[in-house]
Each structure stands twice: as structure tokens, then as C-alpha cells.
Amino acid sequence: MTKQSNQTDPFVAIRESLQAREILVGLEKHGVGNDQLYYHWLGTIGLGPSHRDLSVLLDRLEKEGFIATEQTDGFRVIKATLAGIEVAQARVGVDWIARVEVR
């Protein structure tokens, strides 16, 4: 029998924080994207989520005001908000999103 917990697996939390950072940095750099583009991009860089996990992450980013989304032609179009851009530019830190390294 395994012991169940309501706590998030630390590995999952780290991966999600890196995924959120990459989405915000990509949106800040390119202006707009869609869920499929980021699904493939995250997979390419070794942070590939399931479709469901990406949807949950996008919902969280939107709920917390870092992105705005719109459903168009079967895609979820994503745009960073001012708050999301500030995180992507390392002007603001968020405890659950990996900090952007300033060079």
C-alpha cells in the first residue's frame, strides 16, 4: 500500500516552473503563440508536458494574470499580459515560476 499525499511531487513542480518560464519568455520574445506550438517546443527542449498538463498550466497562468488566451480554429491562442512580460524580463519573481536568468 502506498502512502498518498496532497503535496506536489518536487520533480513535477520544478518541471512545471520551467515550463511556465519558457512559455512566458517565448511569448515575450515572439508576441503570440498557441498551445500546439508550445506543446511541441517544450517537448523539443526536454520539458514536454501531456496535452492535459499543458492545458492545466495555461489555465493557471491565465488565472493568475500572466497570459490571456482565446480559442480559435481548434487552437488556444496565447498572448502574454504585462504581468507575464515582467516575469519574462526578470523584473518580477513569482514563487512557482522558475526565475529568468539575467545575462
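The values are calculated or read from the model by the stated rules, or taken from the named source; none is laboratory data. Note that the structure is predicted; figures quoted are calculated from it, not measured. In this analysis, Cβ positions are derived from the backbone assuming ideal geometry, glycine residues included, and neighbour counts consider all displayed protein chains. In case anyone asks, the SASA skips ligands and DNA or RNA and just uses the protein heavy atoms, side chains included. Shrake-Rupley method; radii C 1.70, N 1.55, O 1.52, S 1.80 Å.
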Mean Kyte-Doolittle hydropathy of -0.5 or higher plus an axial Cα length of 24 Å or more: which whole DSSP H helices in the chain meet both? 10-30
Just flag the GluC sites (Glu not before Pro) in the stretch 34-103 sitting in loop per DSSP whose Cβ has no more than 10 other Cβ atoms within 10 Å. E101
Trypsin sites (Lys or Arg not before Pro) in the stretch 1-60 lying in a DSSP loop, each with at most 13 other Cβ atoms within 10 Å of its Cβ, come to K3
Mind checking the per residue accessible area of the chain for me, 1.4 Å probe, whole number of Å²? 68
